[in-house]
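J.: Dropping the structure in here first, questions after.
The values are calculated or read from the model by the stated rules, or taken from the named source; none is laboratory data. Only a predicted model underlies this, so the values are computations on that prediction, with no experimental measurement involved. Note that each Cβ is placed from the backbone with ideal geometry, even for glycine, and that neighbours are counted across all protein chains shown.
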Amino acid sequence: MIKSPLENFCPVPRDQRPFYQYLRHKEFFSGENSRNNVFSIKELLITGLKSFLISFISFILFFLPQSLSYENILEISTLNFVFLFCYYLYIFINYILTSKQLFKSKVLYEESTWFDINTWIKPVSTIRHERLINEYQMLPGIKRLQKIVFIITLLTVLDFFCLILF
């Protein structure tokens, strides 16, 4: 695993360090196919398909339709877009929070409990390292996620209006 500069001198617990938060996001949301990109089209399609299956099954279980009509398909797709919107909004917010932590020169951390908060001032080499990661890894991912969330929001609103009008 990649180690951050001056790891031995850092009093911040490992799971609260911005560098390791970045690595968790990178490992969790970047697959083998996306290499340098935060998200590939294949991952988006797989997530959309999983969300559609969850929407379809939950719609069938909770509403018990006698037959599937175009209105039911619109309801399922609206539910699908709402699931996708919530999922990608969650990812987007986590990326923004991690990006802010990488950019800051101080780290607030908890040693044992929530009322025991300390501050650690990052050394200059760590600040430079984390700001480079923020500039070249996190910010392009945030811009891509912003576009994805915007497109999913438009599709959700469009699908909702189609559901109301038809």
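J.: Please enumerate the residues belonging to region 53-95 that are on the phi > 0 side of the Ramachandran plot and touching a helix residue (DSSP H, G or I) at 6+ places or on another chain (Cβ under 7 Å).
T.: Hits for region 53-95: nothing passes.
J.: Quick one: would you say PHE52 is in contact (Cβ under 8 Å) with a residue 40 or more places away in the chain, assigned to a helix (DSSP H, G or I) and surrounded by 14 or more Cβ atoms within 10 Å (Cβ to Cβ)? Give the derivation first.
T.: Working: in contact (Cβ under 8 Å) with a residue 40 or more places away in the chain: no; assigned to a helix (DSSP H, G or I): yes; surrounded by 14 or more Cβ atoms within 10 Å (Cβ to Cβ): yes.
No.
J.: Which residues, counting only those in region 80-119, are among the hydrophobic types (A, V, I, L, M, F, W, C), farther than 27 Å from SER55 by Cβ, surrounded by fewer than 16 Cβ atoms within 10 Å (Cβ to Cβ) and modelled with pLDDT of 90 or more?
T.: Across region 80-119, the qualifying residue is only LEU97.
J.: I'd like the residue in region 135-166 that is loosely packed, with under 13 Cβ neighbours inside 10 Å and among the aromatic types (Phe, Trp, Tyr) and, out of all such residues, is farthest from TYR88 (Cα to Cα).
T.: Among residues in region 135-166 that are loosely packed, with under 13 Cβ neighbours inside 10 Å and among the aromatic types (Phe, Trp, Tyr), the one farthest from TYR88 (Cα to Cα) is PHE166.
J.: When region 107-120 is examined, which residues are found to be under 27 Å from the mean Cα position of the chain (by Cα) and without any contact (Cβ under 8 Å) to a residue 24 or more places away in the chain?
T.: LEU108, THR113, TRP114, ILE117, THR119 - these are the residues of region 107-120 that are under 27 Å from the mean Cα position of the chain (by Cα) and without any contact (Cβ under 8 Å) to a residue 24 or more places away in the chain.
J.: Kindly indicate whether any position in region 50-63 is polar (S, T, N, Q), more than 30 Å from VAL124 (Cα to Cα), touching a Leu at 6+ places or on another chain (Cβ under 6 Å) and at pLDDT 85 or above.
T.: Checking region 50-63: at least one residue is polar (S, T, N, Q), more than 30 Å from VAL124 (Cα to Cα), touching a Leu at 6+ places or on another chain (Cβ under 6 Å) and at pLDDT 85 or above.
J.: Identify, from the list THR156, THR113, THR119, the residue that is in a loop (DSSP other than H, G, I, E, B) and not charged (D, E, K, R).
T.: THR113
J.: ILE127 versus (1) surrounded by 14 or more Cβ atoms within 10 Å (Cβ to Cβ); (2) β-branched (Val, Ile, Thr); (3) assigned to a strand (DSSP E or B); (4) without any contact (Cβ under 8 Å) to a residue 40 or more places away in the chain: which is the lone unmet condition?
T.: (3)
J.: Would you check if ILE148 is part of a helix (DSSP H, G or I) and under 20 Å from THR98 (Cβ atoms)?
T.: Spelling it out, ILE148 is indeed part of a helix (DSSP H, G or I) and under 20 Å from THR98 (Cβ atoms).
To keep it simple, each residue is scored yes or no on (1) without any contact (Cβ under 8 Å) to a residue 40 or more places away in the chain; (2) more than 20 Å from LEU23 (Cβ to Cβ).
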residue: THR78; (1), (2): no, yes
residue: LEU139; (1), (2): no, no
residue: LYS147; (1), (2): yes, yes
residue: ASP159; (1), (2): no, yes
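J.: Only one of these is modelled with pLDDT under 85, in contact with an Asp or Glu (Cβ under 7 Å, 6 or more places away or on another chain) and not aromatic (Phe, Trp, Tyr): SER34, SER40. Name it. Quick ask: steps written out before the conclusion?
T.: Working: SER40 fails: in contact with an Asp or Glu (Cβ under 7 Å, 6 or more places away or on another chain).
Sole residue among the options that is modelled with pLDDT under 85, in contact with an Asp or Glu (Cβ under 7 Å, 6 or more places away or on another chain) and not aromatic (Phe, Trp, Tyr): SER34.
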